Each structure stands twice: as C-alpha cells, then as structure tokens.
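The values are calculated or read from the model by the stated rules, or taken from the named source; none is laboratory data. These numbers come from a predicted model, not from an experiment. FYI the Cβ positions are ideal-geometry reconstructions off the backbone, even for glycines, and counts take in every protein chain you see. Side chains are part of the model used for accessible areas, which takes the heavy atoms of the whole protein and leaves out ligands, DNA and RNA. Shrake-Rupley method; radii C 1.70, N 1.55, O 1.52, S 1.80 Å.
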Amino acid sequence: MSSLFHFFLLFLSLGGWGVAISYKLKINNAFIPIFLYSAITFVLFIAGVLNILPLIVTIIFYVGLLVWPVFIYFLLKERRKPNLSVLLSPALIFFVIATTMLMFLVKGVSFTHYDNFSHWALIVKEMYLMDGLPDDSTVISFRNYPPGTALFIYFVLKITGYAESYALMAQNFLLAASLTVLFAYTSWKKPLYILLTLLLVIGLLSLELYSIYNLIVDKTLGMVAFTSVIISYYYRDDWKKILLTNVPILVLLILIKDSGKLFFILNALLIIGLLFSNIMAGSRFNFKNVTLLGKITLILIGVPTSINYLWGQYTAKAYTADYASNKFALTESKLSSSDKSEEFVQTLLPKMFNSLVNFDDHNFLILVVTNATLIISFIALWIVNKKASKLLVYAFLFCNITFIIYLGSLYLMYLFLMPEHEATRLASYSRYLTTIVIYIGAVGIGATLLVWSKLPTRSLKMMLAVLLVALICYPTYEKVEAGKGKPDINESIRSKVKPAVAKIKNQDKGDPRILYYSPESQKDGGYLSYIALFEQLSRNYKIIRGCEEMEQAELEKAQYLVVLNRDNGECLPSDLEEGIYKVSKKDQDIMLEPF
C-alpha cells in the first residue's frame, strides 16, 4: 500500500510540473512529458556534479506538489475553469494509458539480462545507495558511459523506494513520454489519424519488445532522438519554442549513451536548417536575423556540448583510471590504427550488409515499410494532385541519409573500438540497428501520416489508410506475439545467487569473500561473474567452473562457498549438495559447514 501511495505522490508531483509547463510555457501537451523528464535529468546531472543529488530531488518533488494549491488558488481567484480540452487531448490520454500499461507489464519483474548486471542496472543500484554519481568507490567497469537514464531512474526510486521493477517502470516512463510526441497533430475530430498513429506506436514498441524488461538504453535512445525531430518541425516557425523545448532533449541524448552524440549532431543540424529556412528566407535575410541565428546556434550546440565536457571532467576526477582504459573509449591511438586482422577488415562490411538485409528480421522490415510508405504516398499524391509533397521528399532523403551515416558509424565502431572477438560476431548489432530504425521509422511514417491527415480527398485518404495499416501491421504482429512472456528469474542462475548473497549479507555485515562453484557456467561469457558483482557490489568473489579451477589457496581465502550446481568432480565431497557453506580452517584441514 505504501508503494502505491508513493507512486501517487510521484505522479502528483510530475503532474504539478506538467500543469505549470502547460500554463506558463504554452507548449503542445504532447511534448510536455518528454520535455519535463529531459529537464529533470538535465538538472539532476548538474546536481550530481555538485554532489547535491538528494537535495535537488527533494526540491523538485515538493515544488511539483506545491504547484497544485497555487494553481487551484489562482483558478478560484480569477474564476477560471481548467482547460479540459488539454487534459483530455488524445496525446495525454495516450500518455496516461501507455504509462499505466507499461507499469503493469513490468510489475514484479527482476533483472535477468546480462547487460543489466554488467552496467545498466549496476549503475542505478550504486547511485541509489551512494546518493550521487558513481566514482572509484563503486564497482562500475564502464566508467565513461554517461548516466542519463540512471539519473532519471534515481529520481523515481528516491520517491518510490528501490525495487528492480520500479527501475524498469521509470525507464519505460521515458518510452511512453517519447511515443506521446507522435500524437502532436492529432485531435478527436480525426479518429482515423489517432488510430494510425497508435498503430505506428505499436510498430515502434514491437522492435526489441523484450527490452522493456531490462535497462539497456538502445531503444530509449532511438525513442528520445526522434522526439527532437518532430518537435522541431512543429515549432519551425517559432525559434523561442524550438530552442526551449529542444535544449533539454539534446542534453538527454548526450547523457543517455555515447552514440547519442551522433543523434545530437544530426538533430542540431536539422534544427539549424529549419531555423535558417525560416529566419533567413526572402526579405528577412538581414544582419539582425543572422545574429539571431548565430545566438540560437550557440545555445543549441553550446549547452549540450558543455554538459558533455562536464561529464568528461567529472570522470577524470572521480576515477583514478584514465579515459583511455575504458573499453569503448574514443582515443587517437585507436582511430589512427586498427589492431584487427586483415580477414576481419575485408569481411566486416559484407557481414554487416548480409545481417541487415534479412526479411525475417523485424528491423529490416520496418526499414522497408518506412521507405515504402514514403514512396507510395508520394506517387499517389503526385497522380491525384499533380503536385509533389516536399515534406515526403525531405523525409525520405533525411531518413536514408541518416541511416547511411549511422551505419557508417557502426562500421567504424566495430573496426576501431570493439574487441575483435566481439566484433567478429557483430555483437549487439540488432540492438544498435533498432535505435536507428525507431528513429527513422517515427520520422518517415510520422511524416506520411501528417501529409495523409491533410488530404482533402476522402477516397485517397481511405486508400492510403488501408495501405498504412497493412504495411505497419505486417511486420509487427509476430513480434508482439513473441514478446508476450515476461522474463522469469527462476530460469536464470540468479535465482540461486540472489538469495544466497542476501542470506550471507544478513549474517555477515562485512565484505566476506565468496566462492561460487558452478560447472554449468563454463561457457556463460561472464554472466555469473557479473551477477555476483551486482549482488555483492564488491569484487571480493571468485567463480569456480569446475574442479580444474579449484585450488586449495582459493578455498582457504574464502569465507563462504556457494555451490550452485554439481558435477562428478572430486574436489568437493560427493555428499556436498547445492547450498551455502561456511568455510573455516581447523589445523591444516578446510571445514565446510552448512550455513
């Protein structure tokens, strides 16, 4: 019951901020959630650098609550009624429903994915416990990874309390907020437009559908990235709004992941191009407008770049290890020469192309659907109206040029940054593709829907509507069906590690050394090791994957032995069952007592 109350207070506070933004800043209600979440993350990052995170979370939370009595007071004083058309708009109705559904989907879910334990859930847990940005006191290995989503999750968890499913809910709030932007042009007077937008949302969500059950940020990055494009186009004639709404989102892109810098550059260039075409067009081309565009560009690029610089400075001071020691660190030595084999270099590009062009792959299907909707819609409009749609042409060019640039960046990453044994199998390639496919899918199909909604010919609108439904639904149905099942911790070795570590920590408040015996983990790619790291928040452990690795010295150093599964090895007594054992030494003998 207390958790429900805390969530109620959280939403009340966020709602208060939403009301303040709506009435004071006058921005489209479809943009309020992502603008608010981005702004919170932006502010929390500054607070983290200043080491005042808990204080700023408290201030944000209570100010959001205080908005309501102030708002009600002014409504009564001015005898005004609240604008129900804003509250009941398709965008906000969708946002509430999507947030609620995603919360129920991840309710009670525990982390099981490998990458949660290697970084994305680990940084959340460390930040929650230390009330600050990570530093050398933590066990985080990927020190140069920005803390964007972790900061927003931290904000939610400090109000609701720590739970793994709550962390998943918080990250999914960002997905719901991003998808809400797609409803910017909808209204209840255009129900078919709402339906088609909803289909687009389902199509985008179905990409890497299972990612809603973990804290990996590739999908979140693609979602947040496209919001900036749509918002910029919406406010292309209002430089103040375009600047106000985009700066926090561009900062969030920088803070989500290093590859967010590419989307920051692409979106910033697009925004500058839109502003240039508006401010500098025709008779408005004068010194005053040139100066204005320069100032806007300086703020638009300068603020996110400054945040990126601050993060670099923070990591340099917070960690003793230098930047170059990070796995995916972008250094001059890595870029100047590749240590990859000649065979790898020659086969990398064909391998990437063959993995991409696969009609059984959902990413490729959405890519095809996006281009098909743009091309078919353009041809249909040309035939009927005898006039080309500039928006469709620009959207087609933007989507495909962006995709080529992104694919080129992936090629360079595999060639120069990723270790060859991982790059050879194109590690995480599908996830990386999902990011860009979400981005261009939202932009391309979103542009098509916008053009479609303004068609005067009813028959043409219906024909294109049927086409869009067929194209979007075709690659989506199977993915939605396949993604219905939740991850089950009982199917993971974590179901044995988590209670074992909890039991040991409950009795032993220090940092005991734990030995994990698990022959079944011989080819797990370090999965068990990262689980142990996540549960213990310490490197004081050792994984033994069979008797050939069991050394007397290791057993002597350990305080506990956790037998996760057995083999026929003779290094342990044959009657020793799975469980926890206290290790002690008597004379020269090692004693194992059930714990």
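Listed values, structure above:
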read-out	value
Cα-derived Rg over Rh, computed across segment 205-275 with Rh taken as Kirkwood radius	1.03
Over segment 534-574, volume per residue of the alpha carbon convex hull, in Å³	89 Å³
Karplus-derived 3J(HN,Hα), 6.51/-1.76/1.60, for each residue of segment 340-351, Hz, glycine and proline x	7, 5, 5, 4, 4, 4, 6, 9, 4, 5, x, 5
Rounded to the nearest 10 Å², the accessible area of ASP567 at probe 1.4 Å	50 Å²
Ordering of 378-387, 537-546 by burial proxy (mean other Cβ atoms within 10 Å per residue, highest first)	537-546, 378-387
Three principal axis lengths of segment 66-177 [C-alpha, angstrom, descending]	57, 27, 23
Per residue, in Å², the accessible surface of segment 527-595 once ligands and nucleic acids are set aside, probe 1.4 Å	54 Å²
For segment 4-155, alpha-carbon Rg and Dmax in angstrom	17.8, 57
Relative contact order, percent, segment 121-207 [alpha-carbon distance under 8 Å, six or more residues apart]	19 percent
Over the chain: helical MRE at 222 nm, DSSP H runs n ≥ 4 each giving -39500 (n - 2.57), nearest 500	-21000 deg cm²/dmol
Mean accessible surface per residue for segment 244-306, computed with a 1.4 Å probe while every protein chain stays in place, in Å²	43 Å²
Relative packing of 416-425, 269-278, 143-152, 365-374, which averages over residues the other C-beta atoms within 10 Å, highest first	143-152, 365-374, 269-278, 416-425
For the chain, diffusion coefficient by Stokes-Einstein and Kirkwood Rh (Cα), 20 °C, 1.002 mPa s, µm²/s	81 µm²/s
Average accessible surface area per residue within segment 352-419, 1.4 Å rolling probe, Å²	50 Å²
Solvent-accessible area, 1.4 Å probe, carbon plus sulfur percent, for the chain	63 percent
Relative contact order computed over the chain (Cα-Cα under 8 Å; 6+ residues apart), in percent	15 percent
Debye equation applied to the C-alpha atoms of segment 480-595, log10 I(q)/I(0) at 0.20 Å⁻¹	-1.13
